[in-house]
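The values are calculated or read from the model by the stated rules, or taken from the named source; none is laboratory data. This is a predicted model, so every value here is computed, not measured. Cβ: placed from backbone, ideal geometry, glycine included. Neighbour counts: every protein chain shown.
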Amino acid sequence: MLKRPIPLIVAAVVLILAALLLRKCTGNSSVMFQTVPVSRGPITQAVTATGTLNPVQNVQVGSQVSGNIQKLFADFNSIVKAGQVIAQIDPVVFQANVNQAEGDLENARAALELARLNEARTQALVAKQNSAQSDLDQATANLHQAEANVKIKEGALQKAKADLDHCTITSPIDGIVISRNVDVGQTVAASLQAPVIFTIANDLSKMQIDANVAEADVGGVAIDQDVEFTVDAFPTRTFPGKVVQVRNAPITVQNVVTYDTVIGVSNPDSKLKPGMTANVSIVAAHRDDTLKIPNSAMRFRMPDQTPAAPPKRDPSAAGPGRSPGGKPGGNRAERRTDRTIYVLPAGASKPVSVTIKTGISDGVSTEVLEGLKEGDRVVTGMTENGTASAPAANPFGGGPRRGP
């Protein structure tokens with residue numbers, strides 16, 4: 001009675017082993033590869049950056065003299081013309097200085113007239129030998145001093161008149177007032193530096209973006225490249241622009257080096273305001289009709305294959321992406337052009353590896369220069385036993401990552 005269950009247990013074990021063996025033999029039949037055909041279409045490689053919208057010409061109007069603001073003839077958003085009076089400083093003190101300087105000048109001129117008469121009279125007496133030569137020398141010196149004193153007083157009068165003229169503040173350019181920093185009755189002091197009263201923009205229909213482009217991307221930026229940008233005020237609208245200048249002065253903030261790239265912007269409807277933050281996309285390269293594949297195809301690796309380690313380079317040898325001195329250089333898009341991908345031929349059950357030469361990339365797709373033709377199916381992933389898996393090569397080195 002106790003021996004009857006033993007054959008049943010043995011039979012169950014045999015059935016389990018047979019099932020496991022059958023599953024192992026037929027497991028590969030459930031592997032399916034996800035493919036995408038090589039297609040043609042446009043592709044754009046862009047350099048992204050952030051910047052600030054500014055007027056093309058921005059003038060800060062200040063005061064050269066100290067005093068109380070008596071009148072203001074402009075306010076925020078006022079349209080002004082060159083030479084138009086925009087502010088008036090109380091001129092009472094400066095008018096008094098002009099009057100005093102005029103009186104000093106008249107006094108000096110009277111002294112000069114007397115010195116001339118004394119010099120002529122002394123010269124006549126010396127000619128008749130009725131006066132000593134030293135008297136003539138003294139009279140001549142007094143005359144020269146009087147002439148110099150007149151020039152001094154004339155300069156003082158000119159300075160007093162200039163200070164009086166500076167009480168009337170005018171606009172240096174045609175434009176619009178974007179900032180007013182004083183009110184009527186406020187005292188401005190110009191002892192150390194000219195206080196800013198108004199900030200005037202020349203023309204807000206033409207503006208510029210000062211974008212900070214990273215040093216790794218500035219090599220792909222050039223004058224006259226097309227630019228697209230957005231601002232937070234109009235998130236659904238894209239504005240156009242053009243690169244007008246790439247300044248060579250580096251800007252270093254927390255060891256991050258950027259370069260100021262000036263982008264010309266047309267603003268006919270005055271939607272854009274000074275100081276807005278712009279998210280800039282500079283078109284570094286564009287192809288209208290080219291072969292392209294998704295970037296996921298270049299990240300795919302077979303589960304049983306580990307990407308080969310990159311060959312070691314001689315630091316003293318020059319190569320793609322390196323200068324003759326062995327230092328990295330050039331555009332990042334040109335550093336690596338040969339890539340290995342997998343293509344699934346028609347009727348085949350297993351993909352084959354193909355080496356291709358790539359071009360520009362927009363971050364989603366990459367241009368194919370050599371190695372593929374339109375219609376080839378490149379592998380982007382795979383499913384095994386009903387579970388999707390797409391082993392991808394680590395872009396920073398190492399083998400494919402299989403799960404967390």
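What the table shows:
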quantity: Test: residue in the range 227-245 that is farther than 17 Å from THR44 by Cα, out of contact with any strand residue (DSSP E or B) (no Cβ under 9 Å at 6 or more places or on another chain) and surrounded by fewer than 12 Cβ atoms within 10 Å (Cβ to Cβ); calculated: yes
quantity: First in the range 35-48 and free of Cβ contacts under 8 Å to residues at least 12 places away in the same chain, second anywhere and assigned to a strand (DSSP E or B), Cβ under 7 Å, 6 or more apart; calculated: none
quantity: GLY155 in contact (Cβ under 8 Å) with a residue 60 or more places away in the chain and out of contact with any Phe, Trp or Tyr (no Cβ under 6 Å at 6 or more places or on another chain); calculated: no
quantity: Qualifying positions in the range 184-199 - hydroxyl-bearing (Ser, Thr, Tyr) and part of a loop (DSSP other than H, G, I, E, B); calculated: SER191
quantity: Qualifying positions in the range 56-108 - loosely packed, with under 14 Cβ neighbours inside 10 Å and at positive phi; calculated: ASN77, GLY83
quantity: Residue within the range 168-176 that is more than 24 Å from ASN68 (Cβ to Cβ) and either touching a His at 6+ places or on another chain (Cβ under 8 Å) or not aliphatic (A, V, I, L, M) (or both) present; calculated: yes
quantity: The range 111-159, residues that are part of a helix (DSSP H, G or I), of a type in the set (Gly, Ala, Ser) and surrounded by 14 or more Cβ atoms within 10 Å (Cβ to Cβ); calculated: ALA111, ALA115, ALA139, ALA146, ALA156
quantity: Filter result (outside any loop (DSSP other than H, G, I, E, B) and not charged (D, E, K, R)) within the range 200-214; calculated: ILE200, ALA201, MET207, GLN208, ILE209, ALA211, ASN212, VAL213, ALA214
quantity: Residue in the range 27-38 that is in a helix (DSSP H, G or I) and either at pLDDT 95 or above or of a type in the set (A, V, I, L, M) (or both) present; calculated: no
quantity: Residues of the range 223-278 satisfying the condition of being free of Cβ contacts under 8 Å to residues at least 60 places away in the same chain, closer than 17 Å to PRO55 by Cβ and polar (S, T, N, Q); calculated: GLN245
quantity: Condition check for GLN100: at pLDDT 90 or above, in contact with a strand residue (DSSP E or B) (Cβ under 9 Å, 6 or more places away or on another chain) and polar (S, T, N, Q); calculated: no
quantity: Subset of the range 39-59 (residues that are β-branched (Val, Ile, Thr) and in a strand (DSSP E or B)); calculated: ILE43, THR44, VAL47, THR48, THR50, THR52, VAL59
quantity: Scan of the range 98-126 for residues that are among the polar types (S, T, N, Q) and within 60 Å of the chain's Cα centre (by Cα), ordered by number; calculated: ASN99, GLN100
quantity: Count of residues meeting criterion [among the β-branched types (Val, Ile, Thr) and over 60 Å from the mean Cα position of the chain (by Cα)] in the range 127-165; calculated: 1
quantity: Residue that is under 27 Å from the mean Cα position of the chain (by Cα), closer than 27 Å to ILE178 by Cα and modelled with pLDDT of 85 or more, where the choices are VAL283, VAL256, VAL231; calculated: VAL231
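Yes or no, residue by residue, for (1) under 29 Å from ASP269 (Cβ atoms); (2) surrounded by fewer than 16 Cβ atoms within 10 Å (Cβ to Cβ); (3) free of Cβ contacts under 8 Å to residues at least 40 places away in the same chain:
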{"residue": "VAL182", "(1), (2), (3)": "no, no, no"}
{"residue": "GLN186", "(1), (2), (3)": "no, yes, no"}
{"residue": "LEU192", "(1), (2), (3)": "no, yes, yes"}
{"residue": "PRO195", "(1), (2), (3)": "no, no, no"}
{"residue": "ALA201", "(1), (2), (3)": "yes, no, no"}
{"residue": "ILE209", "(1), (2), (3)": "yes, no, no"}
{"residue": "ALA214", "(1), (2), (3)": "no, yes, no"}
